[in-house]
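Okay, so here's the structure we're looking at.
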Number of protein chains: 2
Amino acid sequence: MGNSRVTVREIARLAGVSVATVSRVSNGTGQVSEEMRRRVLEAIEKYGYRPDHLGRALAARRHGALGLVFPGLSGPYFTELIQGFESEAVPARASVHILCTHLREDSDDQVLEMARRVDGVAVVGGTISEPTLLRLAETVPVVVLAGRGLETVPAVSVDNAPAMTTLTRHLLVDHGLRDLVFVGNPDGSPDVSERWAGFQNAYHELDLAPPTEPLRLAMQQHDGVLAAERLLGGDGPAPQAVVCANDELALGVLVGALGRGLRVPEDLVITGFDDAPMAALVSPPLTTVRQPVRELAAEAARLILNAVDAPGVAPDGIVLPTEFVVRRSCGCPAGSPTGGTGK
Amino acid sequence: MGNSRVTVREIARLAGVSVATVSRVSNGTGQVSEEMRRRVLEAIEKYGYRPDHLGRALAARRHGALGLVFPGLSGPYFTELIQGFESEAVPARASVHILCTHLREDSDDQVLEMARRVDGVAVVGGTISEPTLLRLAETVPVVVLAGRGLETVPAVSVDNAPAMTTLTRHLLVDHGLRDLVFVGNPDGSPDVSERWAGFQNAYHELDLAPPTEPLRLAMQQHDGVLAAERLLGGDGPAPQAVVCANDELALGVLVGALGRGLRVPEDLVITGFDDAPMAALVSPPLTTVRQPVRELAAEAARLILNAVDAPGVAPDGIVLPTEFVVRRSCGCPAGSPTGGTGK
DNA sequence: ATGGTGCCTGAAACCGGTTTCTGTTAACCG
DNA sequence: CGGTTAACAGAAACCGGTTTCAGGCACCAT
């Protein structure tokens, strides 16, 4: 019944028609008489024929698949990313290939290899080298997801720097804090780099002396705990506020601070970035910046799908707006207003 | 240069050889004289030829791809799952297709459609209907990931029930607690169903009256916060302990409890399942069950890859052991010993 | 009756590889 | 020197679809 070994020619033979007719019926293209159509559909039904994807893809010179490349899969950010991408790709009848370059040394090769199996690729910013990105773009449409694009490679990202400037200004001006520490590695990803730039920019705008060097760590919760150890560990004075490059770090710092008996925000202010689900749930809830991660990835998928259909035109990049979310971890009372940073 | 429009026949023409020879050289199969090889390699190099994946796959009747199907992407569990699967597939030169059936009504169709693009599929338990699973298994090798297998479909899973029995017994016997509530929906996934069974079994083993009905909720952190609201909200007495179906729920309950001014474990005992990264970081650290999620998914990938190479033989399922991790949220002092539940 | 016009249909070419099978050549043997 | 064999190259078939193109046929107007 559901045997997948049945081919067009077989169905054609059994229905007593040509393969062209079978193809026409199974695709609904061209003109086919009622009688022929009936015979073919009957045979298709009876033998459970379904056209082979490879044959079809080869003829159409299109894979019906999109690729998504990211460094590793940590935390809520990437799950949102994948889901956003997938939610846009699947309805367009494109399957989703994923590749975590994560710790593999030959990842550039693998990205290039993936490019031969898909119609387009989204690469998370900072994942692969620029030369590889360019070579990739020669083969298939590419967009950079959360990062900076190139001449020929559009990017979709959020307004990281302005958002971080808004958040930092809030701490410096509205709360009168001075001794802030930025946690996150600006060299680790374009996102963090931009956030660090936005952080510095707030100081610059207010004619303050530049901030201290960032505490360069990875982006996971246990790195935040590590940050708390370093910053609150004893030697040297603790900062007034810890501005984290994402919510996971902030959550880790929060755990570390509370575990040391500090009160947040009274003894230490902590802020995040992303507005992960947990950010609103912890106590005190986290002041952070909401970014539309799902929408970002969906936009990337759409961009690629368009580029596949209309090759040649290199679309512009997209910058999505974020929203500054004021909660209690910055020292604001419960129920403060929130404000967007605008587009 | 890197033009991907170059075909075997073109290279053959340019090198003045036959396509067969080009194919032999590019695959390293068969016998080719030094002179021919040199000419071919030269042309390949010069025109940047790389064999098309579709043509190759069609001829080989193999996709070089594996599918991974899960309901939705929430929390650390699924990121681990994907990474484990991917880490095993990619070195075997198989790309990874993902599909979140998540909220789409026609997901069964999409799973069947995916089956036509891959050599094998891993399906997370409880994701698709049994009839669909059976039809899927007629097409490609399938394994169920974290769930129960069928006659023809092997499963890889962990010893959920014994592990939960061990944990529950610990609360009932070592801590003398009686009033436990299980949080999680046994109908939601095979994993939860088995954990609930293990929970009940501990009562049974000790000749206690059966526990109260489970609090049926989804598996995310905010569901845990919800659980805390329901259980600690005022009307009706609060339980002594909340046994959660996974760590995310437990973390949510913890946040909710602490937010209400309760002390954990003095006023309320909370336990989880999974040993997510955050479980050890919160205060108090979570007593839970560690399960080797990555290894589980890697095992599934291996099983499928083997089934692809040696079709016909239906391999046995695999049950991986878990480890009971005693931390402080159950009431044990810091630094208690931990014990595995064995295989 | 003749020529023109649409509508259907199927043979064959094509997508881009791999593989079998046949034939040539050179080396080796007695 | 004739015969066997191994090494190598290429033509053609194949994988499973789609699409072009030419032809058959019915119908209509002249």
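So the check is Cβ under 9 Å with 6+ separation or different chains; which pairs have a first residue in the range A:40-57 that's closer than 26 Å to B:Arg56 by Cα and a second one that's among the hydroxyl-bearing types (Ser, Thr, Tyr) and within 7 Å of DNA strand D (Cβ to nearest atom)?
Every condition considered, the pairs that remain are A:Tyr49/A:Thr7; A:Tyr49/A:Ser26; A:Arg50/A:Ser26; A:Pro51/A:Thr7; A:Pro51/A:Ser23; A:Pro51/A:Ser26; A:Asp52/A:Thr7; A:Gly55/A:Thr7.
Taking the options B:Ala115, B:Ala92, B:Ala137, B:Ala146, name whichever one is assigned by TED's automatic domain parsing to the domain that holds B:Ala314 and at positive phi.
Working: B:Ala115 fails: at positive phi; B:Ala92 fails: at positive phi; B:Ala137 fails: at positive phi.
Only one candidate qualifies: B:Ala146.
Give the residues of the range B:253-268 that are open to solvent by 10 Å² or more (accessible area, probe 1.4 Å), among the hydrophobic types (A, V, I, L, M, F, W, C) and closer than 15 Å to B:Ala238 by Cα, sorted by residue number.
B:Leu258, B:Leu262, B:Val264
Only one of B:Ala280, B:Ala334 is in the same structural domain as B:Ala250 (by TED's automatic domain parsing), closer than 19 Å to B:Glu80 by Cβ and over 20 Å from the mean Cα position of the chain (by Cα); which? Can you show your working first?
On the way: B:Ala334 fails: closer than 19 Å to B:Glu80 by Cβ.
Every option except B:Ala280 fails the conditions.
When you go through (1) away from DNA strand C (no atom under 12 Å from the Cβ); (2) modelled with pLDDT of 95 or more; (3) touching a helix residue (DSSP H, G or I) at 6+ places or on another chain (Cβ under 7 Å) one by one for B:Glu86, which number turns out not to apply?
(3) is the only condition that B:Glu86 fails.
Within the range B:282-297, is there a residue that is small (Gly, Ala, Ser) and either surrounded by 21 or more Cβ atoms within 10 Å (Cβ to Cβ) or at pLDDT 95 or above (or both)?
Start the filter on the range B:282-297 by keeping residues that are small (Gly, Ala, Ser), which leaves B:283, B:297.
When the remaining residues are screened for being either surrounded by 21 or more Cβ atoms within 10 Å (Cβ to Cβ) or at pLDDT 95 or above (or both), the result is B:297.
Checking the range B:282-297: at least one residue is small (Gly, Ala, Ser) and either surrounded by 21 or more Cβ atoms within 10 Å (Cβ to Cβ) or at pLDDT 95 or above (or both).
Write out, first by first residue and then by second, each pair whose Cβ atoms fall under 6 Å of each other, whose residues are 6+ apart or on separate chains, and whose first residue, in the range B:132-149, is more than 11 Å from chain A (Cβ to nearest Cβ) while the second is among the charged types (D, E, K, R).
Qualifying pairs under 6 Å: B:Thr132/B:Asp108; B:Ala146/B:Asp191.
Evaluate the range A:110-127: report whether one residue or more is open to solvent by 50 Å² or more (accessible area, probe 1.4 Å) and under 19 Å from A:Gly147 (Cβ atoms). Spell out the reasoning first.
From the range A:110-127, those open to solvent by 50 Å² or more (accessible area, probe 1.4 Å) are A:126; that's our starting set.
With the extra rule that they be under 19 Å from A:Gly147 (Cβ atoms), the set shrinks to A:126.
Scanning the range A:110-127 turns up at least one residue that is open to solvent by 50 Å² or more (accessible area, probe 1.4 Å) and under 19 Å from A:Gly147 (Cβ atoms).
Taking B:Glu88 and the conditions (1) of a type outside the set (A, V, I, L, M); (2) touching a Leu at 6+ places or on another chain (Cβ under 8 Å); (3) under 15 Å from A:Ile82 (Cβ atoms); (4) more than 7 Å from chain A (Cβ to nearest Cβ), which numbered condition does it fall short on, given that it satisfies the others?
Single failed check for B:Glu88: (3).
So, of the residues in the range A:21-39 that are within 11 Å of DNA strand D (Cβ to nearest atom) and not in a loop (DSSP other than H, G, I, E, B), which turns out to be nearest to B:Leu58 (Cα to Cα)?
Of everything passing the filter in the range A:21-39, A:Ser23 is nearest to B:Leu58 (Cα to Cα).
Residue check, A:Val96 against (1) touching an Asp or Glu at 6+ places or on another chain (Cβ under 7 Å); (2) open to solvent by 40 Å² or more (accessible area, probe 1.4 Å); (3) among the aliphatic types (A, V, I, L, M), all met but one. Which one?
Of everything listed in (1) touching an Asp or Glu at 6+ places or on another chain (Cβ under 7 Å); (2) open to solvent by 40 Å² or more (accessible area, probe 1.4 Å); (3) among the aliphatic types (A, V, I, L, M), A:Val96 misses just condition (2).
Does B:Leu172 satisfy being part of a helix (DSSP H, G or I) and either without any contact (Cβ under 8 Å) to a residue 60 or more places away in the chain or within 20 Å of B:Ala209 (Cβ to Cβ) (or both)?
yes
Test B:Gly64 against the stated conditions and say whether it is open to solvent by 10 Å² or more (accessible area, probe 1.4 Å), within 13 Å of DNA strand C (Cβ to nearest atom) and closer than 21 Å to A:Arg104 by Cα. I'd like the intermediate steps shown before the answer.
On the way: open to solvent by 10 Å² or more (accessible area, probe 1.4 Å): yes; within 13 Å of DNA strand C (Cβ to nearest atom): yes; closer than 21 Å to A:Arg104 by Cα: yes.
Yes, satisfied.
For the range A:301-335, what are the residues that are farther than 20 Å from A:Asp274 by Cβ, β-branched (Val, Ile, Thr) and buried (at least 22 other Cβ atoms within 10 Å of the Cβ)?
Within the range A:301-335, just A:Ile304 meets the criteria.
Could you pull out the residue among A:Leu303, A:Leu320, A:Leu251 that is in contact with a helix residue (DSSP H, G or I) (Cβ under 8 Å, 6 or more places away or on another chain), closer than 30 Å to A:Gly120 by Cβ and among the hydrophobic types (A, V, I, L, M, F, W, C)?
Values: A:Leu303 fails: in contact with a helix residue (DSSP H, G or I) (Cβ under 8 Å, 6 or more places away or on another chain); A:Leu251 fails: closer than 30 Å to A:Gly120 by Cβ.
The conditions single out A:Leu320.
Got at least one residue in the range B:165-177 being farther than 25 Å from B:Arg327 by Cα and of a type outside the set (Lys, Arg)? Spell out how you get there, then give the answer.
As a first pass, look at the range B:165-177 and keep what is farther than 25 Å from B:Arg327 by Cα: none.
Within the range B:165-177, not a single residue is farther than 25 Å from B:Arg327 by Cα and of a type outside the set (Lys, Arg).
Taking the range B:1-59, which residues are within 14 Å of chain A (Cβ to nearest Cβ), open to solvent by less than 50 Å² (accessible area, probe 1.4 Å) and near DNA strand C (Cβ under 9 Å from one of its atoms)?
Narrowing the range B:1-59 to residues within 14 Å of chain A (Cβ to nearest Cβ): B:1-8, B:26, B:47-59.
Subsequent filtering for residues that are open to solvent by less than 50 Å² (accessible area, probe 1.4 Å) retains B:2, B:4, B:6, B:8, B:26, B:48-49, B:51, B:53-55, B:57.
Within the range B:1-59, B:Ser4, B:Val6, B:Val8, B:Ser26, B:Tyr49, B:Pro51, B:His53, B:Leu54, B:Gly55, B:Ala57 qualify.
Do the conditions hold for B:Gly72, that is, is it in contact with a His (Cβ under 8 Å, 6 or more places away or on another chain), away from DNA strand D (no atom under 14 Å from the Cβ) and not hydroxyl-bearing (Ser, Thr, Tyr)?
Working: in contact with a His (Cβ under 8 Å, 6 or more places away or on another chain): yes; away from DNA strand D (no atom under 14 Å from the Cβ): yes; not hydroxyl-bearing (Ser, Thr, Tyr): yes.
In short, yes.
Any residue at all in the range A:162-173 that's assigned by TED's automatic domain parsing to the domain that holds A:Gly224 and closer than 20 Å to A:Pro71 by Cα?
no
Provide a single number: the residues in the range A:172-197 that are open to solvent by 10 Å² or more (accessible area, probe 1.4 Å) and closer than 18 Å to A:Gly126 by Cα. Walk me through how you get there before you give the answer.
Here is the first cut: in the range A:172-197, the residues open to solvent by 10 Å² or more (accessible area, probe 1.4 Å) are A:173-179, A:181, A:185-191, A:193-194, A:196-197.
With closer than 18 Å to A:Gly126 by Cα added as a condition, the list becomes A:185-191, A:193-194, A:196-197.
Residues that pass the stated criteria total 11.
Considering (1) open to solvent by less than 40 Å² (accessible area, probe 1.4 Å); (2) within 14 Å of chain A (Cβ to nearest Cβ); (3) near DNA strand C (Cβ under 9 Å from one of its atoms), say which one B:Gly75 fails and leave the rest.
The number of the failed condition is (3).
Would you tally the residues in the range B:111-123 being within 14 Å of another protein chain (Cβ to nearest Cβ) and either in contact with a strand residue (DSSP E or B) (Cβ under 6 Å, 6 or more places away or on another chain) or touching a residue at least 40 places away in the same chain (Cβ under 8 Å) (or both)? Please lay out each step first, then the result.
At the first step, the residues of the range B:111-123 found to be within 14 Å of another protein chain (Cβ to nearest Cβ) are B:111-122.
This time we only want the ones that are either in contact with a strand residue (DSSP E or B) (Cβ under 6 Å, 6 or more places away or on another chain) or touching a residue at least 40 places away in the same chain (Cβ under 8 Å) (or both), so: B:111, B:114-115, B:117-122.
Adding up the residues that qualify gives 9.
The values are calculated or read from the model by the stated rules, or taken from the named source; none is laboratory data. Please read all numbers here as calculations on a predicted model, not as lab measurements. A quick note on method: Cβ atoms are made from the backbone with ideal geometry, for glycine too, and the neighbour counts reach across all protein chains shown. Calculation scope for accessible area: heavy atoms of the full protein, side chains included, ligands and nucleic acids excluded. Shrake-Rupley method; radii C 1.70, N 1.55, O 1.52, S 1.80 Å.
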